[in-house]
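*Asks:* Structure provided below as structure tokens; questions to follow.
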């Protein structure tokens with residue numbers, strides 16, 4: 001296994017209080033404060049650079065295809081059973097070809113369970129396949145290649161799921177049931193089916209959807225430094241009259257759809273009152 005060392009330092013964020021769990025990609029997943037359980041086949045290359053985690057996978061030497069490398073990371077979601085509304089959001093890119101998708105490659109994100117409700121995303125360079133539950137039709141979406149995309153799934157109990165890419169709703173509907181449930185897990189991975197590929201994971205976040213305009217990202221009842229890290233991210237991605245997107249509704253303190261200086265002033269007031 002090959003590891004690459006880099007000397008750039010990054011602020012480590014791991015939100016565990018309240019109802020948000022966050023992996024920022026600035027360490028190997030198994031070394032994060034809440035470790036991911038790794039499972040690797042045929043020793044794929046992995047490294048961290050510029051605050052992002054990379055996987056490179058290719059065919060296993062000495063084995064005919066499809067017999068490629070893969071590396072997956074898993075956590076239990078048992079602590080979130082019954083939590084609603086629930087979300088998972090991740091930012092990533094991959095250079096893998098869409099011909100790999102039938103082999104659940106080159107990259108995937110899975111919300112699994114032992115029940116009928118499961119969500120499976122297979123991501124290639126310019127296309128995504130979404131399996132929503134077990135008995136509903138597949139959803140195929142083309143995406144722009146060679147750039148990171150933000151994927152977000154919101155689950156509102158038994159009544160609604162909403163899937164967004166880069167802040168735009170691309171699919172929604174009524175699920176087969178509530179999730180997380182039935183011994184749920186989250187698993188993500190890079191995999192080679194026939195071709196090699198490299199995947200970059202910027203971050204993975206999941207948990208209870210915070211209250212709109214509340215300024216409390218991790219829903220722990222306080223507006224503090226952990227919330228400020230994510231507020232700054234929302235502010236940098238928005239601005240006056242620029243829609244902040246579904247992942248930043250909590251930071252839109254004045255409820256006008258953007259995150260700007262007015263919201264920052266209101267956030268400061270909430271921050272000062274948290275102590």
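*Asks:* Which pairs do you get when a residue that is assigned by TED's automatic domain parsing to the domain that holds residue 139 and assigned to a loop (DSSP other than H, G, I, E, B), found in region 90-113, comes within reach of a residue that is at pLDDT below 95 and surrounded by fewer than 21 Cβ atoms within 10 Å (Cβ to Cβ), reach meaning Cβ atoms under 7 angstrom, with the pair 6+ apart or on two chains?
*Replies:* Pairs that qualify, where the first residue is assigned by TED's automatic domain parsing to the domain that holds residue 139 and assigned to a loop (DSSP other than H, G, I, E, B) and the partner is at pLDDT below 95 and surrounded by fewer than 21 Cβ atoms within 10 Å (Cβ to Cβ), are 113/181; 113/182.
*Asks:* Does region 200-214 hold any residues that are part of a loop (DSSP other than H, G, I, E, B) and within 15 Å of the chain's Cα centre (by Cα), and which are they?
*Replies:* Residue satisfying the conditions is 209 alone.
*Asks:* Let me ask something else. Give the residue, chosen from 68, 62, that is in contact (Cβ under 8 Å) with a residue 60 or more places away in the chain and more than 23 Å from the chain's Cα centre (by Cα).
*Replies:* None of the others qualify; the one that does is 68.
*Asks:* Could you tell me whether region 178-195 includes any residue that is surrounded by fewer than 19 Cβ atoms within 10 Å (Cβ to Cβ), over 17 Å from the mean Cα position of the chain (by Cα), within 30 Å of residue 33 (Cβ to Cβ) and modelled with pLDDT of 95 or more?
*Replies:* yes
*Asks:* Same structure, new question: Which residues, taken from region 71-89, are surrounded by 18 or more Cβ atoms within 10 Å (Cβ to Cβ) and either free of Cβ contacts under 8 Å to residues at least 60 places away in the same chain or more than 20 Å from residue 32 (Cα to Cα) (or both)? Spell out the reasoning first.
*Replies:* Quick first cut of region 71-89, residues surrounded by 18 or more Cβ atoms within 10 Å (Cβ to Cβ) only: 71-73, 75, 77, 80, 83, 86-89.
Selection gives 83, 86, 87.
*Asks:* Ok, one more. Is it the case that region 45-65 has a residue that's crowded, with 20+ Cβ neighbours inside 10 Å and assigned to a loop (DSSP other than H, G, I, E, B)? Give the steps one after another, and end with the answer.
*Replies:* Initial filter on region 45-65 (crowded, with 20+ Cβ neighbours inside 10 Å): 46, 48, 53, 55, 57.
The next check asks that each one be assigned to a loop (DSSP other than H, G, I, E, B); those that pass are none.
Looking for residues that are crowded, with 20+ Cβ neighbours inside 10 Å and assigned to a loop (DSSP other than H, G, I, E, B), one finds none in region 45-65, hence no.
*Asks:* Next question. Of the residues 217, 231, which is surrounded by 15 or more Cβ atoms within 10 Å (Cβ to Cβ), in a loop (DSSP other than H, G, I, E, B) and either within 23 Å of the chain's Cα centre (by Cα) or not assigned by TED's automatic domain parsing to the domain that holds residue 58 (or both)? Walk me through it before giving the result.
*Replies:* Working: 231 fails: in a loop (DSSP other than H, G, I, E, B).
The match here is 217.
The values are calculated or read from the model by the stated rules, or taken from the named source; none is laboratory data. This one's a predicted model, so the numbers in the text were calculated from it and none came from an experiment. Cβ coordinates were reconstructed from backbone atoms using ideal geometry, including for glycine residues, and neighbour counts include every protein chain displayed.
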